[in-house]
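The values are calculated or read from the model by the stated rules, or taken from the named source; none is laboratory data. All values derive from a computational prediction rather than experimental measurement. Cβ: placed from backbone, ideal geometry, glycine included. Neighbour counts: every protein chain shown. Heads up: the accessible areas ignore ligands, DNA and RNA and are worked out on the full protein's heavy atoms, side chains in. Shrake-Rupley method; radii C 1.70, N 1.55, O 1.52, S 1.80 Å.
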Amino acid sequence: MAMLIPLLLAAAPAPALPAPSEPRLRATVTTLVGFGTRHTLSTVTDRKRGIGAARDWAAARFAEMAKDCGGCIKVERIARRFTGPRAPNGVMVEDVLGIQKGRDSERVVIVGAHIDSRVTDEMNATADAPGANDDASGVALVLEAARILSKRSHDATIVYAVFSGEEQGLWGATLLADTAKARGWQVSAMLNNDIVGNTVGQGGVRVADRVRVFSEGIRASEDMVQQQERRAIGGEDDGPSRALAKAIDGIAGTLPGGLDVMLDRRPDRFGRGGDHEPFLKLGYPAVRFSVGAENWDRQHQDLRTENGVDYGDTIAGMDFPYLAKVTAINMATLERLADAPAAPASAGIAGALSRDTTVTWSPVPNAAGYRVRWRRNDAQDWTAMRDVTGTSTVLQQVPVDDHFVGVSSLAADGSESLVTFAGHAARR
Ligand SMILES: [Zn+2]
């Protein structure tokens, strides 16, 4: 018999996080622009110009935060040599990481952005490439999230990642995804922030009330057996990354500021990619945040004025109150997922020829309870839920043929994991 009791929460939810600092976000972007270019092939020996100086500066910020939190953040730099069409002679790609160790084990949440920048010619490593929005905005977000979240301890480890080599081939993100796998991290979520700080888009259109969150519905990492199972049970809109995007949408709705999440049902913008992709290939839930309306006159452009139009990714095109709101959504997401237990490894439904659906799922260590969510098969968002202790429940008058079901784990303070889509019987 299923337990229908509401979960008794043992701990109060964490108080709301402080608001991100707009002046600090602006100061970070200003400093990064001040390195002239941060092209991946630019100088690494000049103390004032180029990607080397920029990475050193980012590492020094993490070191500063580490001091302020009694060493809770460990600064790490990982590097690997990459060669490709956009670096024919090879280049040492380095990521700067701030790692805030969690109380439990191998579980990890990652927030990342790329520090490298470019102009019109992707091989031009010497021209000024301010990269204010692409992607100093994301780096500023990562540093600000680290500064605020490091004031509290969390169950999962949070990795604050500053990537290089994005414009040459997503190399820094590839390096971190491979590192995550090699170290056996259980990555609950990866949040990629790339171009997150403008509200005036191409042609002057202003979009200040929403941020796009791109996610894959079907996992890039599915093998043939998993693909055939999904074909049989549905779930095209319920892969782990889509579940992450839906969670972010829900979290954003609870924050002040009114920034809506547009749940963009694609892995990334049409025909383009970003630093979350290497994580998707390895099966980790990952999404990309980006502004509501891009301004291509300001992306990947030589600094110039033509026919009265300013080209180039300068700080003049940015909106820091907006960037602060995107930062707040990231922080709240990181905190919730870092404080929640892992999502159930698997969940299953049964109930053929019955009006009721039996839901079962694999137990999660340290979970205080579970939340079962369901919706009719013609709906996109969960419409009903029930909190349960134990690892099964029966949904009466919810026919299995016409409903999608998912299960999440809950911490004692109510922090909820991502939702695991229920398919065939759970592996116990
Ligand atoms: Zn970018």
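If Glu335 meets every condition in (1) within 30 Å of Ala19 (Cα to Cα); (2) more than 24 Å from the chain's Cα centre (by Cα) apart from one, which number is that one?
Failed condition: (2).
What about Ala125, is it open to solvent by 10 Å² or more (accessible area, probe 1.4 Å), at pLDDT 95 or above, of a type in the set (A, V, I, L, M) and closer than 17 Å to Val91 by Cβ?
Answer is yes for this residue.
Is it true that some residue in segment 278-293 is over 20 Å from Tyr160 (Cβ atoms), open to solvent by 30 Å² or more (accessible area, probe 1.4 Å), touching a strand residue (DSSP E or B) at 6+ places or on another chain (Cβ under 7 Å) and within 16 Å of the ligand (Cβ to nearest atom)?
The answer is no, given that none of the residues of segment 278-293 is over 20 Å from Tyr160 (Cβ atoms), open to solvent by 30 Å² or more (accessible area, probe 1.4 Å), touching a strand residue (DSSP E or B) at 6+ places or on another chain (Cβ under 7 Å) and within 16 Å of the ligand (Cβ to nearest atom).
Which residue pairs have Cβ atoms closer than 7 Å, lie 6 or more positions apart in sequence or on different chains, and pair a first residue in segment 217-246 that is in contact (Cβ under 8 Å) with a residue 40 or more places away in the chain with a second residue that is open to solvent by 70 Å² or more (accessible area, probe 1.4 Å) and assigned to a helix (DSSP H, G or I)?
Pairs that qualify, where the first residue is in contact (Cβ under 8 Å) with a residue 40 or more places away in the chain and the partner is open to solvent by 70 Å² or more (accessible area, probe 1.4 Å) and assigned to a helix (DSSP H, G or I), are Ala220/Lys281; Ser221/Lys281.
Output the number of the condition that Gly204 fails; it satisfies all remaining conditions of (1) within 16 Å of the ligand (Cβ to nearest atom); (2) on the phi > 0 side of the Ramachandran plot.
Unmet for Gly204, out of (1) within 16 Å of the ligand (Cβ to nearest atom); (2) on the phi > 0 side of the Ramachandran plot: (1).
Being more than 12 Å from the ligand (Cβ to nearest atom) and aromatic (Phe, Trp, Tyr) is the filter here; which residues of segment 159-192 pass it?
Tyr160, Trp171, Trp185
For every residue, the table says whether it meets (1) open to solvent by 10 Å² or more (accessible area, probe 1.4 Å); (2) touching a Phe, Trp or Tyr at 6+ places or on another chain (Cβ under 9 Å); (3) not in a loop (DSSP other than H, G, I, E, B).
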{"position": "Ala328", "(1), (2), (3)": "yes, no, yes"}
{"position": "Glu335", "(1), (2), (3)": "yes, no, yes"}
{"position": "Ala338", "(1), (2), (3)": "no, no, yes"}
{"position": "Pro344", "(1), (2), (3)": "no, yes, no"}
{"position": "Leu353", "(1), (2), (3)": "yes, no, no"}
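Which ones in segment 215-254 are open to solvent by 50 Å² or more (accessible area, probe 1.4 Å) and assigned to a loop (DSSP other than H, G, I, E, B)?
Answer for segment 215-254, where residues must be open to solvent by 50 Å² or more (accessible area, probe 1.4 Å) and assigned to a loop (DSSP other than H, G, I, E, B): Ile218, Arg219, Ala220, Asp223, Glu236, Gly253, Thr254.
What is the one condition in (1) open to solvent by 50 Å² or more (accessible area, probe 1.4 Å); (2) under 14 Å from Met92 (Cα atoms) that Gly71 does not satisfy?
Condition not satisfied by Gly71: (2).
Here is a list: Ala146, Ala113. Which entry is within 15 Å of the ligand (Cβ to nearest atom), in contact (Cβ under 8 Å) with a residue 60 or more places away in the chain and touching a Gly at 6+ places or on another chain (Cβ under 8 Å)?
Ala113
Test Phe270 against the stated conditions and say whether it is touching a residue at least 40 places away in the same chain (Cβ under 8 Å), within 16 Å of the ligand (Cβ to nearest atom) and within 23 Å of Gly138 (Cβ to Cβ).
no
Which of the residues that make up segment 407-424 are open to solvent by less than 20 Å² (accessible area, probe 1.4 Å) and either without any contact (Cβ under 8 Å) to a residue 24 or more places away in the chain or among the acidic types (Asp, Glu) (or both)?
Across segment 407-424, the qualifying residue is only Glu416.
Please enumerate the residues belonging to segment 279-326 that are over 28 Å from Pro18 (Cα atoms), within 13 Å of the chain's Cα centre (by Cα) and in a loop (DSSP other than H, G, I, E, B).
Selection gives Tyr284 alone.
Scan segment 80-91 for residues that are touching a residue at least 24 places away in the same chain (Cβ under 8 Å) and in contact with a Ser or Thr (Cβ under 9 Å, 6 or more places away or on another chain) and report the count.
5
How do the helices (runs of 4 or more DSSP H) wholly within segment 83-195 filter down when requiring 2 or more residues that are farther than 19 Å from Tyr284 by Cα and of a type in the set (Val, Ile, Thr): which remain?
137-149
Does Thr45 satisfy the condition of being surrounded by fewer than 22 Cβ atoms within 10 Å (Cβ to Cβ) and not in a helix (DSSP H, G or I)?
Spelling it out, Thr45 is indeed surrounded by fewer than 22 Cβ atoms within 10 Å (Cβ to Cβ) and not in a helix (DSSP H, G or I).
State all residues of segment 83-108 that are more than 23 Å from Leu191 (Cβ to Cβ) and either open to solvent by 30 Å² or more (accessible area, probe 1.4 Å) or under 24 Å from the mean Cα position of the chain (by Cα) (or both); if no residue qualifies, say none.
Thr83, Pro85, Arg86, Pro88, Asn89, Met92
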